Amino acid sequence: MSSFVTLSSGQRMPVIGLGTWKSAPGQVKQAVLAALDCGYRHIDCAAAYSNEQEVGEALSIRVGSGKALRRDEVFITSKLWNTKHDQADVEEACRSSLAHLGLSYLDLYLIHWPMAFQRGKELMPRREDGSVCYSDTHYRETWAAMESLVDKGLVKAIGLSNFNARQTDDIISMARHAPVVNQVECHPYLSQADLLSHCRSVAVCVTAYSPLGSGDRPWASPDEPSLLQDPRLGAIAQRYQKTSAQVILRWHVQRGVVCIPKSVTPSRIQQNLQVFDFSLSEDDMKQIESFNCNERFIVPTVERDGKRVWRDAE
Ligand code: A2P
């Protein structure tokens with residue numbers, strides 16, 4: 001089993017990358033250093049995680065001329081935030097991520113979500129009642145500005161995140177530079193089988209975010225199921241002498257999905273890369289697939305009194 005996938009752009013993308021969403025300031029630099037030192041060659045970032053500068057500090061220690069790794073040995077992704085969808089804002093947003101990360105180009109730049117928010121500096125623009133300030137900018141306009149970034153050499157490839165099949169097709173139908181990736185929430189409780197087969201049919205690689213079920217999501221509640229604690233996974237893991245996390249990650253890569261487990265714990269970071277020395281039987285793959293219950297954990301907003309509000313404003 002290869003530890004890379006080849007994207008429609010011809011780029012080789014490592015199937016396991018380090019996720020950095022929720023990695024706190026003061027922790028993410030050490031996490032990135034630990035990851036690069038134990039063999040990770042793929043780091044997933046985003047402007048909205050508000051920690052790209054610290055990720056950049058780690059990259060500047062290990063990557064670049066005269067350092068342990070050449071720039072072309074690591075695959076770095078970042079994402080355009082929802083307040084920057086206006087065509088006039090896209091290049092500046094990309095350059096800002098590049099400056100924070102200390103890079104001259106990104107391997108991949110994604111539209112973080114299909115919907116746009118009101119322009120401005122505030123990450124989560126909201127009204128006094130907590131409701132989200134959306135903007136009418138359509139993602140198709142944003143895509144045209146993303147394509148210019150490829151033309152200018154600021155990014156090697158562009159892609160999508162949180163797009164459904166119809167939205168993905170919509171982009172493909174107008175694209176000069178095809179989207180190479182769609183990054184979506186995906187784990188055994190949300191297997192995304194239909195989206196996966198659709199994306200495969202149009203040469204879009206799927207990357208799973210929250211591949212372990214995102215137990216540290218800010219709005220986690222004790223009533224929601226915990227994927228990593230699922231005894232059915234524990235039983236499978238025991239048979240392979242692996243951890244539940246490793247079994248889940250192996251399931252992802254065996255079904256051709258790239259994944260970006262987040263951890264700030266060096267031993268877990270290392271453990272999450274050790275998924276290439278065993279393989280799950282067809283029966284176990286099917287059993288894990290059967291855990292799907294369309295449980296979407298990453299829903300940052302909810303409907304309240306007919307308004308869409310941030311969950312932290314509930
Ligand atoms: P931590 O960062 O404290 O090590 P996801 O990638 O699905 O968002 O999951 C991230 C959560 O899973 C974090 O709470 C992270 O904890 C935890 N985690 C990451 N890898 C492992 C592992 N191998 N075993 C147990 N928990 C893990």
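The values are calculated or read from the model by the stated rules, or taken from the named source; none is laboratory data. Keep in mind it's a predicted model, so treat the numbers as computed, not measured. We place every Cβ from the backbone using ideal geometry, glycine too, and count neighbours over all the protein chains shown. Remember, those area values only see protein heavy atoms, side chains included, never the ligands or the DNA or RNA. Shrake-Rupley method; radii C 1.70, N 1.55, O 1.52, S 1.80 Å.
Has the range 1-23 got any residue that is of a type in the set (D, E, K, R) and away from the ligand (no atom under 16 Å from the Cβ)? Scanning the range 1-23 turns up at least one residue that is of a type in the set (D, E, K, R) and away from the ligand (no atom under 16 Å from the Cβ). Going residue by residue through the range 141-153, is there one that turns out to be part of a strand (DSSP E or B), open to solvent by less than 10 Å² (accessible area, probe 1.4 Å) and at pLDDT 95 or above? Within the range 141-153, not a single residue is part of a strand (DSSP E or B), open to solvent by less than 10 Å² (accessible area, probe 1.4 Å) and at pLDDT 95 or above. Of the residues making up the range 65-104, just one is hydroxyl-bearing (Ser, Thr, Tyr), over 19 Å from GLU122 (Cα atoms) and crowded, with 16+ Cβ neighbours inside 10 Å, namely THR77.
Close Cβ contacts (under 9 Å, 6 or more residues apart or on different chains) running from residues in the range 99-119 that are on the phi > 0 side of the Ramachandran plot and small (Gly, Ala, Ser) to residues that are modelled with pLDDT of 95 or more and open to solvent by 70 Å² or more (accessible area, probe 1.4 Å) comprise GLY102/GLN53; GLY102/GLU57. Scanning the range 271-301 for residues that are outside any loop (DSSP other than H, G, I, E, B), surrounded by 14 or more Cβ atoms within 10 Å (Cβ to Cβ) and more than 9 Å from the ligand (Cβ to nearest atom) returns LEU273, ASP284, MET285, GLN287, ILE288, THR301. Cβ separations smaller than 8 Å between residues 6+ apart or across chains give the following pairs from the range 221-246 residues that are among the hydrophobic types (A, V, I, L, M, F, W, C) to residues that are open to solvent by 40 Å² or more (accessible area, probe 1.4 Å): LEU227/GLY215; LEU228/GLY215; ILE236/GLN287; ALA237/THR243; ALA245/LEU228; ALA245/ARG268; ALA245/GLN271. If the condition is being over 27 Å from VAL204 (Cβ atoms), within 12 Å of the ligand (Cβ to nearest atom) and open to solvent by 10 Å² or more (accessible area, probe 1.4 Å), then the range 235-266 contributes LYS242, THR243, SER244, VAL264, THR265, PRO266.
Annotation: of all residues in the range 165-193 being free of Cβ contacts under 8 Å to residues at least 40 places away in the same chain and surrounded by fewer than 16 Cβ atoms within 10 Å (Cβ to Cβ), the one that is farthest from GLY10 (Cα to Cα) is ARG166.
When SER8 is tested against (1) among the small types (Gly, Ala, Ser); (2) under 15 Å from THR207 (Cα atoms); (3) crowded, with 19+ Cβ neighbours inside 10 Å, exactly one condition is not met: (3). Counting residues in the range 25-47 that are within 26 Å of SER148 (Cβ to Cβ) and part of a helix (DSSP H, G or I) gives one or more.
Scanning the range 194-234 for residues that are at pLDDT 95 or above, loosely packed, with under 12 Cβ neighbours inside 10 Å and away from the ligand (no atom under 13 Å from the Cβ) returns ASP194, SER197, SER201, PRO231. For the range 13-42, the set of residues classified as open to solvent by 60 Å² or more (accessible area, probe 1.4 Å) and either closer than 21 Å to SER279 by Cβ or of a type outside the set (Lys, Arg) (or both) consists of TRP21, PRO25, GLY26, GLN27, GLN30, ASP37, listed by residue number.
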